Structure formats: C-alpha cells, structure tokens
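Chemist: Provided herewith is a single structure, encoded as structure tokens, for subsequent inquiry.
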Amino acid sequence: MHAYRAAILRFAPDVPAVRYEEDGLLVVGPDAQGRQRVQALGPQRDLAPRYPGVPVEHLPGRIIAPGFVDMHIHYPQTDVIGAPAEGLLPWLENYTFPHEKRFSVPEYAAEVASFFIAELLRNGVTTALTFATSHPQSVDALFTEARARQLRLVTGKVLQDRHSPDGVRDQTEQSLSDTEALIRKWHGVDRLGYAITPRFAPTSTPAQLRGAGELAARYPDVWIQSHVAENLGEIAWAHELFPEARSYLAVYEGFGLMRPRAVYAHCIHFDDEDRALMRATGTVAAVSPTSNLFLGSGFFDYAGADRAGFGYGLASDVGGGTSFSPFHTMRAAYYVGREGQTKTGLSLPPQHLWWQHTAGAARALGLQGVVGNLQPGCEADFIVLNPQATPLIARKTAQAASLDELLFALIVLGDDRLVERTVISQAKLASGA
Ligand code: GUN
Ligand code: ZN
C-alpha cells in the first residue's frame, strides 16, 4: 500500500457534484488479484492516523483527479487531425478512408498504436473507447499495446462492407467471423473489452448490420459503437438507403444495435422520438464537440438529452476532433452548450463538464465504480495536475474564490501542460502477459 497527499478532486457516486479535499490523502493498494485500487480517500489529517507505516508521497500545490474517460476516438485517425473538408462525407472520402488503408500493415498499425496510447496518457486519458480500422490486424496491434501498458481500453474492427473504397471495404461473412474471433480472443482479457463496430449505417449492408446485431445479442457484455445523426448530408443518405426506417437512429434499433453498452457518436440531429428511443433502450451518446465544430456538423442539444433522460459523456473524436486534450474537449462542450440559435443555449457548470469526461462517461459505458472516479474500490487510474503549469493558469487559479472558479480556470486555460503525471493501475499479470 502507498498513499498520495495533495488536493484531491473526485465525484459523489452517480451525481455530477465534485467532492474536493484541499489537503487530501489517497490510499492505494492491491486487491486479491493484485490490481491496484483506491483503498481510502479523505482529509489527510483524519486518514493518516488510520494508515500508520504506509509510505506517503507528498505533492504540495498539486491536484489529484480521476483519469479522464474518452468515449469515442479513432486511433487510426491520429494523423488525420486537422484535415479540412466541406463536411463529413468529403472528409471521409478524401482523407480518412485513404489513410485508414494503411492499417492493413501490422507494423504500421503497431507504430501508430504505440504513439496513440502515449498521447492518451500524456493528456491524462486513462480509459478510451476507440475505433480501429476494418483490418483485424489493426485491432490486434492496439490491444497488444494497451495490454502491455495495462490500460483499460475498448476497441473493435470496423464493419464496412459497402460504399467504401478498395482497401477498407470488408466482406460481409468474413467481417462477422473476424469480429467473433476477435471477441473470443480479446474481450475480458486483463482490462480489455471488445466493441462491435459498424462504421455507420450507410457503409454497411442490411446483412452486415443484421449479423452485427446477432453478435450483440450473443455477447451482451460486449460494447457496440457507431455514428449517428452527425451531418445533414449523411442523414439524407441514410434515409435513401433505409427508407422504411422511421429515422436514421431507428435503423440501428431495427437491427438489434441499441442496448446498454451501445455508444453512438454525435447524436446531434435528433427529434424527441429518437431521444426517447435512446432512453428506452439504455443506449448512450458520445458527445464530440471539437469534431462537430471542426467539421461543421452542428451542436449537441444538452437540454433535449436531459429532457429525455438518456445517458451521454464527452469524447474527443480524433481525428474529426482536433485534440486529445480533455481540457480542449470540455471547453468546446461549454461553447456547444451555450449555442442558443438551433436549440436551447445553456451555461454548463464546470462540475458537470468534468463529470461528463470522467465519472459520467464511465457510467455511460457501464463502468461506474470501476474507473472515472476515486471512490474506494475504483481501479487506481488517476492524474496529477499542476496548476502552476503556465503563468496565466498559476495567476488565475490563485485568484479562484470558489471550487467552480478553480475548475473553470482549469477548463478554460488548460491543456496537456497541466497534466504532470498519469498513473495507471497496475496488477501482477499471469504468465504470458
Ligand atoms: N461517420 C462515419 N465514419 C466516421 C468517422 O470516421 N468520423 C466521424 N466523425 N464520423 C464518421
Ligand atoms: Zn467518430
């Protein structure tokens, strides 16, 4: 066992309310399997006497916080960040599909996987739900790297058997048997999880979507991830291809692809029936504000989501998204929340923004009590923030007169420079790992 003394930020279980210890103690130790978990957290003066002899690392002036959870990102698009296009569909055709072809080469995939994970950690992201490409070897490359680093990570082979160029288009039967083989190989190994990953309805045949839904029913604790209602051109295309469906979202419902642990990126252009369907099926949204602003897709309707009561959390959506930094994403989420021309504009409280990228995102993924918070029992994934990281952040945080002012200063001015250290829960692994 060992302990860290610093200011500590965490959340009450299941509510977006920060509990902040000015002078806190975080006690970490192994569970029966040897995995490092939070053993206790509280004011250091109360807790320290209960753990005599436990070595304490003192981090004066620093803030410990839960590692961030990124609900939607594309590891193969690490090098696609910043590719300009008229909108989603030309961006896919001109930049993304040509680039993703390269992941048929395992060595190339491995190099990008290694960079990607290092970049997540540098930015304080300790759990991610990420797309791979349609090549099974791209999945093997990322899982191998994540396992070596002991990261909690979920990914899956992209399914796209039509309207996709040679080199990324897969074949229906083969794509489904590859998916099942990858589930059996990787799901539940150490901290890894599998996600059945139809790219989006327009690039899958009904047969492929049906097969994906059958796998989702056979493996109920596997995740599902896709995209929906991001861009008006995309939506018109989905309606042309699936004219019988009530809405674009309803296409997925028709194939058994809406359930708990199903995560849809964007969810911008919804009506109230779509929102009710999200809630009724336990499906959640990955809100991707930097991507939606960069690609000109639109503005997620927070008030609409809360009215219907469906779950959501924050995501970078790199490479449509412009940054790995959760601070950039929280800031963009604030701007998107404020937009009041196309939907109700809100001023989202900083505690909500932070929750959406940690405990709230974990809850949306079905990982509450596992990651995204520092309650006793959680896996010990956390970050150490340095509010002295830049002159302006130091000046602004020193003047903060309340917790909300402190959090807002970090969200509005923060980036990777704030993250001094990222700690990943380690375990003694079985042989062969
Ligand atoms: N829709 C289908 N594929 C993609 C993708 O790679 N990125 C985004 N943002 N939307 C998509
Ligand atoms: Zn995406």
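Chemist: Shape verdict for the chain, please, from the Cα gyration tensor: rounded (a/c under 1.5), prolate (a/b greater than b/c) or oblate.
Modeler: Details: a/c = 1.83, a/b = 1.42, b/c = 1.29.
Verdict is prolate for the chain.
Chemist: Residues of segment 37-54 with the amide nitrogen closer than 18 Å to a label point 7 Å from the Cα of Q426, along Cα-to-Cβ, please.
Modeler: Answer for this model: 37-39.
Chemist: Cα convex hull of segment 357-405: how many Å³ per residue? Mind showing how you got there, number by number?
Modeler: Values: hull volume 4.8 nm³, N = 49.
It is 99 Å³ per residue.
Chemist: Considering only L182, L257, L365, give the residue with the highest GNM mean-square fluctuation for the chain, with springs between Cα atoms whenever their separation is below 10 Å.
Modeler: Most flexible of the set in this elastic network: L182.
Chemist: Sticking with the crude label model, points 7 Å out along Cα→Cβ, report the distance from L392 to T205 in nm, one decimal please.
Modeler: 5.4 nm
Chemist: Given a Förster distance of 22 Å, report the FRET efficiency between Y335 and L89 from their Cβ-Cβ distance, rounded to the nearest 0.05.
Modeler: 0.35
Chemist: When you take every Cα atom in segment 15-106, what is the radius of gyration, and what is Dmax, the widest Cα pair distance, in Å?
Modeler: Cα radius of gyration and Dmax of segment 15-106 are 22.5, 62 Å respectively.
Chemist: Further question on the same structure: Extension gain R184-H58, at 0.36 nm per residue separation less the Cα-Cα distance, in nm?
Modeler: Working: separation 126, 0.36 × 126 = 45.36 nm, distance 4.33 nm.
Computed gain between R184 and H58 is 41.0 nm.
Chemist: Across segment 226-237, in residue order, what do the Karplus-derived ³J(HN,Hα) couplings come to in whole Hz, using 6.51 cos²θ - 1.76 cosθ + 1.60 with θ = phi - 60° and x for Gly and Pro?
Modeler: Coupling constants for segment 226-237: 7, 10, 7, 6, 9, 9, 5, x, 4, 5, 4, 5 Hz.
Chemist: Go through 142-154, 319-331 and give me the packing order, highest mean Cβ count within 10 Å leading.
Modeler: Values: 142-154: 21.8, 319-331: 24.9.
Highest to lowest by the protection proxy: 319-331, 142-154.
Chemist: Taking the square root of 5 times each eigenvalue of the Cα gyration tensor, what semi-axes in Å does the equivalent ellipsoid of segment 221-262 have, largest first?
Modeler: In descending order, the three semi-axes are 20, 12, 6 Å.
Chemist: May I pose another question? In deg cm²/dmol and to the nearest 500, what is the mean residue ellipticity at 222 nm of the chain if only DSSP H runs of at least 4 residues count, each as -39500 (n - 2.57), divided by the residue total?
Modeler: -10000 deg cm²/dmol
Chemist: Let me ask something else about it. With angles folded into 0 to 90 degrees, how steeply does helix 172-186 sit against the dominant principal axis of the chain? Use alpha carbons for both and round to 10.
Modeler: 20 degrees
Chemist: Right, here's the next one. Can you pull the Rg over Rh of segment 184-263, Cα-only, Kirkwood?
Modeler: The Rg/Rh ratio comes out at 1.01.
Chemist: Between E244 and D31, 0.36 nm times their residue separation minus their Cα-Cα distance comes to what? Write out the running numbers ahead of the final one.
Modeler: On the way: separation 213, 0.36 × 213 = 76.68 nm, distance 5.16 nm.
Working it through step by step, the gained length comes to 71.5 nm.
Chemist: Semi-axes of the equivalent ellipsoid for segment 303-427, please: Cα gyration tensor eigenvalues, times 5, square-rooted, ordered largest first, whole Å. Working shown, then result.
Modeler: Numbers: eigenvalues 107, 92, 39 Å².
Equivalent ellipsoid of segment 303-427: 23, 22, 14 Å, largest first.
Chemist: So if R0 is 51 Å, what FRET efficiency would D14 and Q171 give, r being the distance between their Cβ atoms, rounded to the nearest 0.05?
Modeler: Details: r = 43 Å, r/R0 = 0.85.
Once rounded, the FRET efficiency stands at 0.75.
Chemist: For helix 136-149, report the angle its Cα long axis makes with the longest principal axis of the Cα atoms of the chain; keep it between 0 and 90° and round to the nearest 10°.
Modeler: It is inclined by approximately 10 degrees.
Chemist: Which far-off residues, 5 or more places away or on another chain, put their amide H under 5 Å from the one on A40, with H placed in the peptide plane?
Modeler: Residues meeting the criterion, in which the H sits 1.01 Å from N, are V27.
Chemist: Name the lysines eligible as straight-distance cross-link partners of K157: C-alpha to C-alpha under 18 Å, and not fewer than 8 places from it in the same chain.
Modeler: Partners within reach: K101, K185.
Chemist: Turning to a different aspect of this structure: Compute, for segment 68-364, the length of the dipole vector about the Cα centre, with Cβ point charges of +1 (Lys, Arg) and -1 (Asp, Glu) only. Units Debye, rounded to 20.
Modeler: Dipole about the Cα centre, nearest 20: 840 debye.
Chemist: Using a Förster distance of 56 angstrom, determine the FRET efficiency expected from the C-beta separation of A280 and E119, and round it to 0.05.
Modeler: Working from the Cβ atoms, E equals 0.90.
Chemist: Answer with one residue from W355, A308, G87: the one whose Cα lies farthest towards the positive end of the charge dipole of segment 68-364, charges on Cβ with Lys, Arg +1 and Asp, Glu -1.
Modeler: Going by the charge dipole, the pick is W355.
Chemist: A follow-up question, please. Label-point separation (nm) for A401 and R417, each offset 7 Å from Cα along Cα-to-Cβ?
Modeler: So the label points at A401 and R417 sit 2.7 nm apart.
Chemist: What are the ³J(HN,Hα) couplings of segment 152-166, residue after residue, when phi is run through the Karplus curve with 6.51, -1.76, 1.60 and θ = phi - 60°? Round to Hz, x for glycine and proline.
Modeler: Residue by residue, segment 152-166 yields 7, 8, 10, 8, x, 5, 5, 9, 7, 9, 7, 6, 9, x, 3 Hz.
Chemist: While we're here: How far is helix 106-122 tilted, in degrees, relative to the longest principal axis of the Cα atoms in the chain, given as a value from 0 to 90 rounded to the nearest 10?
Modeler: So the helix axis and the longest Cα principal axis differ by about 40 degrees.
Chemist: Now for a different question. For Y312, enumerate residues with amide H under 5 Å from its amide H, sequence gap 5+ or separate chain, H modeled in the peptide plane.
Modeler: Placed amide hydrogens put A285 under 5 Å from Y312.
Chemist: Follow-up question, since we're still on this one. Read phi for every residue in segment 311-319 and hand back ³J(HN,Hα) as whole Hz from Karplus 6.51 cos²θ - 1.76 cosθ + 1.60, θ = phi - 60°, with x for Gly and Pro.
Modeler: So the J values, rounded to whole Hz, are x, 7, x, 8, 8, 7, 6, 3, x.
Each value in this text was obtained by applying a stated rule to the coordinates, not by laboratory testing. Quick caveat: nothing in here was measured; it's all calculated off a predicted structure. Neighbour counts run over all protein chains shown; Cβ positions are idealised from the backbone, glycine included.
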